[in-house]
Amino acid sequence: MDPTQLATFQAIVDTGSFEAAARALHVTPSAVSQRIKALEQDVGQVLIRRAKPCEPTEAGRALVRYAGQVALLEREALSAARGALAGAGRTRISVVVNADSLHTWFLPALAGLPGIDFDLHQDDQDHTADLLRAGTAMAAVTAQHVAVQGCRVERLGAMRYRAVAAPALGAVDFATTPMILLNRKDRLQHRFLASLNRRRPDPPIHYVPAAAAFVEAIRLGLGWALMPEQIAVPDLAAGRVVELVPGRHLDVPLYWQYWRMESTVLSALTGAVKTAARDALR
């Protein structure tokens, strides 16, 4: 494929419009349109759905990952070539991570990786692999152990959760006490209740869609929820929360999935993530 046409396709996917892609590439919208038409003629399929924002079609999604891989390898090659003369360039990596990992152990893994610009996405651990399939993300922390096509998968460990509530909340009845969820994809609390062999209750639910605010909502007594062990242990010791079912917990296995390609940057990121997970996860 023509690399200029492929880069133009990638720019439209990234920016959401032909006009924004033209500004990013420093060309006219007409040039962008001509390149995409030529690419679509070569492929024999419509690749971009002309909407607001523009999105890849089913055929176009098959090219998103390829375009990203070509761009990554090109940036790495340029960085290596320029390194001796002009200093290493920067590379952008797109990663999708579940909220609790992002709030606890994942960010320290990035701190020792200079020269990389991170584009972090957040989603539920049962859904993070969806962005890998779409080609939007190059790597993911996910609960899915089956490798996405074109990706490698490595086990990281398990994130342990404790069921807790604020002491001020008083006696907790799982059937009537409000339950706090991160969002409508969050099923951890339901899985914990199922592990207790209880009938499925229908309690009031608070949705708090940010990890830090979610933890604070528990501490303030809005309801009960599962808290990552890394946060729960110091909170229990300080008396900010109490454990509802001592000795019972929920372990969620996590995996690292990433594009199957020979990339120095992806290899370095993978090593850093695995080291951080080894120190933080079960």
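Key figures for this structure:
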quantity: Residues (exposed (fewer than 15 other Cβ atoms within 10 Å of the Cβ) and outside any strand (DSSP E or B)) located in region 207-224; calculated: Pro209, Ala210, Ala212, Ala213, Glu216, Leu220
quantity: Search result, residues across region 18-56 that are among the aliphatic types (A, V, I, L, M) and either surrounded by fewer than 19 Cβ atoms within 10 Å (Cβ to Cβ) or in contact with a Cys (Cβ under 6 Å, 6 or more places away or on another chain) (or both); calculated: Ala20, Ala24, Leu25, Val27, Ala31, Ala38, Val43, Val46, Ile48, Ala51
quantity: So Arg240, is it assigned to a loop (DSSP other than H, G, I, E, B) and in contact with a Ser or Thr (Cβ under 9 Å, 6 or more places away or on another chain); calculated: no
quantity: Residue in region 181-193 that is part of a strand (DSSP E or B) and under 16 Å from the mean Cα position of the chain (by Cα) present; calculated: no
quantity: Filter pass, Pro203 being outside the structural domain of Thr142 (by TED's automatic domain parsing), assigned to a loop (DSSP other than H, G, I, E, B) and surrounded by fewer than 18 Cβ atoms within 10 Å (Cβ to Cβ); calculated: yes
quantity: Residue within region 75-90 that is modelled with pLDDT of 80 or more and of a type in the set (D, E, K, R) present; calculated: no
quantity: Odd one out for His145 among (1) touching a strand residue (DSSP E or B) at 6+ places or on another chain (Cβ under 6 Å); (2) of a type outside the set (D, E, K, R); (3) buried (at least 16 other Cβ atoms within 10 Å of the Cβ); (4) in the same structural domain as Thr275 (by TED's automatic domain parsing); calculated: (3)
quantity: Conditions (1) part of a loop (DSSP other than H, G, I, E, B); (2) over 20 Å from the mean Cα position of the chain (by Cα); number of the one not met by Ala168; calculated: (1)
quantity: Selection count where residues are touching a Ser or Thr at 6+ places or on another chain (Cβ under 9 Å) and either under 18 Å from Gln125 (Cβ atoms) or at pLDDT 95 or above (or both), scope region 157-174; calculated: 2
quantity: Count - residues of region 109-132 that are touching a helix residue (DSSP H, G or I) at 6+ places or on another chain (Cβ under 8 Å) and either without any contact (Cβ under 8 Å) to a residue 40 or more places away in the chain or hydroxyl-bearing (Ser, Thr, Tyr) (or both); calculated: 5
quantity: Top-ranked residue of region 12-54 - restricted to ones that are of a type in the set (Val, Ile, Thr) and assigned to a helix (DSSP H, G or I), ranked as farthest from Gly135 (Cα to Cα); calculated: Val32
quantity: Test: Arg160 is under 22 Å from Ser267 (Cα atoms), touching a residue at least 24 places away in the same chain (Cβ under 8 Å) and not in a loop (DSSP other than H, G, I, E, B); calculated: no
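Residue-by-condition table, conditions (1) at pLDDT 95 or above; (2) of a type in the set (Ser, Thr, Tyr); (3) outside any helix (DSSP H, G or I); (4) surrounded by 15 or more Cβ atoms within 10 Å (Cβ to Cβ):
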site: Leu226; (1), (2), (3), (4): yes, no, yes, yes
site: Pro234; (1), (2), (3), (4): yes, no, no, no
site: Val252; (1), (2), (3), (4): yes, no, yes, yes
site: Ser267; (1), (2), (3), (4): no, yes, no, no
site: Val273; (1), (2), (3), (4): yes, no, no, yes
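The values are calculated or read from the model by the stated rules, or taken from the named source; none is laboratory data. None of these values were measured; they are calculated from a predicted model. Here Cβ is always computed from backbone atoms with ideal geometry, including for glycine, and neighbour counts include all displayed protein chains.
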